[in-house]
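First up is the structure itself, then whatever we jot down about it.
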Amino acid sequence: MGREVSHEGDPMEEPGLRERVPHVVNTLVRRGLSFVAAEDAVQAALVRAVEVWPQDPPGNPTGWLVTAAWRAFLDQVRSDGARALREERSAVEPQPGAAPSRDDTLWLYFLCAHPALTPSSAVALTLRAVGGLTTRQIAEAYLVPEATMAQRISRAKQRIAGVGLDRPGTVTTVLRVLYLLFNEGYSGDIDLAAEAIRLTRQLTAQIDETEVSGLLALMLLHHARREARTGTGGRLVPLSEQDRGLWDTRLIAEGIDLLQKALARERRGEYQVQAAIAALHADAPSAEETDWPQIVEWYDDLVALTGSDVVRTNRAVALGEAEGPRAGLAALAAIDGTTPRYAAASAYLHERAGDLDIAAPAYAEAARRATSEAERVHLERQAVRLRGVQGWGRSGEGST
Amino acid sequence: MPKYLLLKHYRGGKTPLNDVPGDQWTASEWEAHVAYMDEFADRLRDSGEFVASAALAMDGEWVRYDGEGRPPVTDGPFAETKDLVAGWMLIDVDSYDRALGLASDLSAAPGAGGRPLGEWLEVRPVMEPAPTMTE
């Protein structure tokens, strides 16, 4: 299940360790532990496994983890004293209607994405309880101190402690968390995009919903372009300029196959539609051969599904490709100008329309509003290019 | 989750609500002020939103490169008119509104007479990683 993409470039990773974590949490909860106690105990076992397994690999890894987690739980109970002993007694009493009966881990996805949690807490908890990452790894991935991440996770668990395990969130919240994990990760030692793919792939094995397949397809189709997306020094390479020979055709084929099967079931959702747009880009042998009219149609569907101004802005750009920049600008005129990437879309369409006097300052304005350094530099470069400035290096040039 | 830098200034900001300069505060007023700041940081540690913070000395000077093999050029101390950062705190929160709320709480640290200082704080978004999906 997705092991081929999950452990790239991570020498600390023990093959097979992280996949087992949700199953071990599940086992302890079925033995009567609360989710909070089980998850803490499994985290302790996981930290221990990372230390011990490289020298002394266990014969039965799952059994090893269950035993180590159970011991960690008992140690915790002893050190907490009488107060926790009472809790243990109540934990070992089965909670009415609470313990999952089947040997699956689906409930963990739902619980960790519970709507009572903030997005960042849900992402962190999912990475730990479902993804089997240590608190330190999650902290490093999001560039915060380990103690801060530990607190965030601990508070998230307290928040959902009283929630019955039979009534967690909806699949929509689960997919939202996985989408965030894929789309908004830093590129550190932990490959969050690959992790999102692994967890979504695991989810498709447990739940039969077209939007789950749609999200996995969407991730695969974007992940396929990863190598082509950045140039030297982390420079952003826009889709139209990417070397399509660098795209991963195996991931594209898998994404398109998943998407076609999902779409055939006629239960459309925003992830399937986004994946369809990504698939049309992936299908085009060159930027010029992109089927823009069809992309615009999918954007129409996506606007109807989401009502989002960000989507309308992207649609205006696609319309500009399909019917000419003036049509794109006309569509853009109906959208709120404070929408993210509106200024960049406006600059691009004005450039295509030949209004360079408008496009250059518009790129500079877009650079000022960029929320990532890579985008800012990319947009500054566009402003500089249009002004005919030779070379690059005076960073103040584009922002005046 | 977005990060924000909260910047506190020795000078250069707009006039605070409680406009008695720090050098006229009593020792206990200072103690209360520092205790408030410490508690504020602890609260953010507890909520899982704290990243880092530091107070900066008033001393300092400008410095720049002056060509290959030459020592750095310095210019200082800072002119009295310079906007001067007194300290910073880096937070990691779920929304811009949350950052504004926290900055407002921090600005309520007590000053002279134990009344809220109401100083102006700068809130600066930290650049995020570029999202994977943009089209």
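The values are calculated or read from the model by the stated rules, or taken from the named source; none is laboratory data. What you see is a predicted model; the values in this text were computed from it and never measured. Virtual Cβ from ideal backbone geometry, glycine too; neighbours counted across all protein chains shown. To get the accessible areas, we keep the full protein, side chains included, count just its heavy atoms, and leave off ligands, DNA and RNA. Shrake-Rupley method; radii C 1.70, N 1.55, O 1.52, S 1.80 Å.
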The correct count of residues that are over 15 Å from A:Thr371 (Cα atoms) and open to solvent by 30 Å² or more (accessible area, probe 1.4 Å) in segment B:95-134 is 14
Do you know which of the residues in segment A:151-164 that are surrounded by 15 or more Cβ atoms within 10 Å (Cβ to Cβ) and within 12 Å of A:Leu125 (Cβ to Cβ) is farthest from the other protein chains (Cβ to nearest Cβ)? A:Ile160
Just to be sure, is A:Arg244 away from chain B (no Cβ under 14 Å), modelled with pLDDT under 95, surrounded by 13 or more Cβ atoms within 10 Å (Cβ to Cβ) and within 26 Å of A:Ala345 (Cβ to Cβ)? no
Please go through segment A:136-150 and pick out each residue that is open to solvent by less than 50 Å² (accessible area, probe 1.4 Å) and not in a helix (DSSP H, G or I). A:Tyr142, A:Val144, A:Pro145
For A:Arg226, all conditions in the list (1) facing chain B (nearest Cβ under 9 Å); (2) surrounded by fewer than 21 Cβ atoms within 10 Å (Cβ to Cβ); (3) within 22 Å of A:Ala139 (Cβ to Cβ) hold save one; what is the number of the exception? (3)
Just need a number here: residues in segment A:362-383 that are of a type in the set (Ser, Thr, Tyr) and within 14 Å of A:His350 (Cα to Cα). 1
Of all the residues that make up segment B:99-135, how many are without any contact (Cβ under 8 Å) to a residue 60 or more places away in the chain, within 9 Å of chain A (Cβ to nearest Cβ) and of a type outside the set (A, V, I, L, M)? 5
Condition met for B:Val85 (in contact with an Asp or Glu (Cβ under 9 Å, 6 or more places away or on another chain), more than 22 Å from A:Thr148 (Cβ to Cβ), open to solvent by less than 80 Å² (accessible area, probe 1.4 Å) and free of Cβ contacts under 8 Å to residues at least 12 places away in the same chain): no
Strands (runs of 3 or more DSSP E) lying entirely in segment B:1-106 (those with 3 or more residues that are among the small types (Gly, Ala, Ser)): B:50-55
Segment B:18-40, residues that are over 14 Å from B:Ala108 (Cα atoms) and surrounded by 16 or more Cβ atoms within 10 Å (Cβ to Cβ): B:Trp25
